[in-house]
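The values are calculated or read from the model by the stated rules, or taken from the named source; none is laboratory data. No experiment lies behind these values; they were computed from the predicted model shown. Glycine also receives a Cβ, built like all others from the backbone with ideal geometry; neighbour counts cover every protein chain displayed.
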Amino acid sequence: MSRPPLPPFDAQTAALKVRLAEDAWNSQNPTQVAQAYTPDSQWRNRTEFIHGREAIISFLSRKWNREHDYRLIKELWGFRNNRMAVRFAYEWHDGTGAWFRSYGNELWEFDAEGLMQSRFASINDLPITSQDRLFHWPHGCRPDDHPGLSALGL
């Protein structure tokens, strides 16, 4: 299975790959998201070490069951050959209604078919009020005219 754009990346294809990942994660569909990763993909997400698509699906299902009204923005930070550095922020609230903005950085490595074979994420959560929220769009993909992280000063 091939998942274009394929490495080696240039500025345009790297930015597109990041936007496609953002759109998939904003779908909050764990099975759809997992298809972008190799069957034996390895992740480090906060303190969890995740191996393979089935574990990715399980992890994402748990994540989106506790992170309500999830909205994510990703931004390309750098790339070389089959690797990328990405920064991101997402907003969500927990079961009590407390809001958070989570900030993080990811390192991605892709195989020749454009599937992500490794993902290393470092994430910090900042409590915010509902009035501090900046990510306002209906569930799903971020509209093209909604500002990105740099434009929002994040």
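Can you tell me which residue is farthest from the chain's Cα centre (by Cα) among those in segment 64-92 that are among the aromatic types (Phe, Trp, Tyr) and closer than 27 Å to Glu113 by Cβ?
Looking only at segment 64-92, we keep the residues that are among the aromatic types (Phe, Trp, Tyr), and these are 64, 70, 77, 79, 88, 90, 92.
Those still in the list that are closer than 27 Å to Glu113 by Cβ too: 64, 77, 79, 88.
On the way: Trp64: 12, Trp77: 13, Phe79: 16, Phe88: 7 Å.
My answer is Phe79.
Which one of these is part of a loop (DSSP other than H, G, I, E, B), touching a residue at least 12 places away in the same chain (Cβ under 8 Å), surrounded by 13 or more Cβ atoms within 10 Å (Cβ to Cβ) and at negative phi: Arg71, Arg142?
Arg142
Exactly one condition in (1) under 20 Å from Thr47 (Cβ atoms); (2) out of contact with any helix residue (DSSP H, G or I) (no Cβ under 7 Å at 6 or more places or on another chain); (3) in contact (Cβ under 8 Å) with a residue 24 or more places away in the chain is false for Gly104; which is it?
It fails just one condition, (3).
Take the residues in segment 100-133 that are assigned to a loop (DSSP other than H, G, I, E, B) and either out of contact with any strand residue (DSSP E or B) (no Cβ under 7 Å at 6 or more places or on another chain) or of a type in the set (Asp, Glu) (or both), then tell me which one is surrounded by the fewest Cβ atoms within 10 Å (Cβ to Cβ). Reasoning before the result, please.
In the first step, residues of segment 100-133 are kept if they are assigned to a loop (DSSP other than H, G, I, E, B); the result is 111-115, 129, 133.
Filter once more, so that each one left must be either out of contact with any strand residue (DSSP E or B) (no Cβ under 7 Å at 6 or more places or on another chain) or of a type in the set (Asp, Glu) (or both): 111-114.
Values: Asp111: 17, Ala112: 11, Glu113: 13, Gly114: 19.
Checking each candidate, the answer is Ala112.
Have a look at Arg87, Arg62, Arg53 and point out the one that is surrounded by 16 or more Cβ atoms within 10 Å (Cβ to Cβ), more than 24 Å from Gly148 (Cα to Cα) and charged (D, E, K, R).
Details: Arg87 fails: more than 24 Å from Gly148 (Cα to Cα); Arg62 fails: surrounded by 16 or more Cβ atoms within 10 Å (Cβ to Cβ).
Exactly one of Arg87, Arg62, Arg53 is surrounded by 16 or more Cβ atoms within 10 Å (Cβ to Cβ), more than 24 Å from Gly148 (Cα to Cα) and charged (D, E, K, R), namely Arg53.
Can we say Met84 is touching a helix residue (DSSP H, G or I) at 6+ places or on another chain (Cβ under 7 Å) and either under 14 Å from Glu22 (Cβ atoms) or modelled with pLDDT under 95 (or both)?
Numbers: touching a helix residue (DSSP H, G or I) at 6+ places or on another chain (Cβ under 7 Å): yes; either under 14 Å from Glu22 (Cβ atoms) or modelled with pLDDT under 95 (or both): yes.
Judged against the criteria, Met84 is a match.
Could you run through segment 38-62 and say how many residues are over 30 Å from Trp137 (Cα atoms) and in contact (Cβ under 8 Å) with a residue 24 or more places away in the chain?
Qualifying residue count, segment 38-62: 4.
Name the single residue that is farthest from Phe79 (Cα to Cα) among those in segment 26-37 being without any contact (Cβ under 8 Å) to a residue 60 or more places away in the chain and buried (at least 17 other Cβ atoms within 10 Å of the Cβ). Don't jump to the end; show me each part of the working.
From segment 26-37, those without any contact (Cβ under 8 Å) to a residue 60 or more places away in the chain are 29-35; that's our starting set.
Narrowing further to those that are buried (at least 17 other Cβ atoms within 10 Å of the Cβ): 30, 33-34.
Numbers: Pro30: 26, Val33: 21, Ala34: 22 Å.
Only one residue tops the list, namely Pro30.
Helices (runs of 4 or more DSSP H) wholly in segment 1-68 with at least 2 residues that are under 19 Å from Arg101 (Cα atoms) and out of contact with any Pro (no Cβ under 8 Å at 6 or more places or on another chain) - which ones?
Numbers: elements: 11-27, 30-34, 53-66.
Passing ranges, in order: 11-27, 53-66.
Considering every residue within segment 108-125, establish whether at least one is in contact with a helix residue (DSSP H, G or I) (Cβ under 7 Å, 6 or more places away or on another chain), within 30 Å of Asn82 (Cβ to Cβ) and either β-branched (Val, Ile, Thr) or at pLDDT 95 or above (or both).
Residues of segment 108-125 in contact with a helix residue (DSSP H, G or I) (Cβ under 7 Å, 6 or more places away or on another chain): none.
No, there is no match, as no residue in segment 108-125 is in contact with a helix residue (DSSP H, G or I) (Cβ under 7 Å, 6 or more places away or on another chain), within 30 Å of Asn82 (Cβ to Cβ) and either β-branched (Val, Ile, Thr) or at pLDDT 95 or above (or both).
Got a sec? Which of Asn82, Asn65 is on the phi < 0 side of the Ramachandran plot and free of Cβ contacts under 8 Å to residues at least 60 places away in the same chain? Explain how you work it out, then say what you get.
On the way: Asn82 fails: free of Cβ contacts under 8 Å to residues at least 60 places away in the same chain.
Just a single option satisfies the conditions, and that option is Asn65.
Kindly indicate whether Tyr90 is aromatic (Phe, Trp, Tyr), part of a strand (DSSP E or B), under 15 Å from Asp125 (Cα atoms) and touching a Leu at 6+ places or on another chain (Cβ under 8 Å).
Numbers: aromatic (Phe, Trp, Tyr): yes; part of a strand (DSSP E or B): yes; under 15 Å from Asp125 (Cα atoms): yes; touching a Leu at 6+ places or on another chain (Cβ under 8 Å): yes.
For Tyr90, the condition - aromatic (Phe, Trp, Tyr), part of a strand (DSSP E or B), under 15 Å from Asp125 (Cα atoms) and touching a Leu at 6+ places or on another chain (Cβ under 8 Å) - is met.
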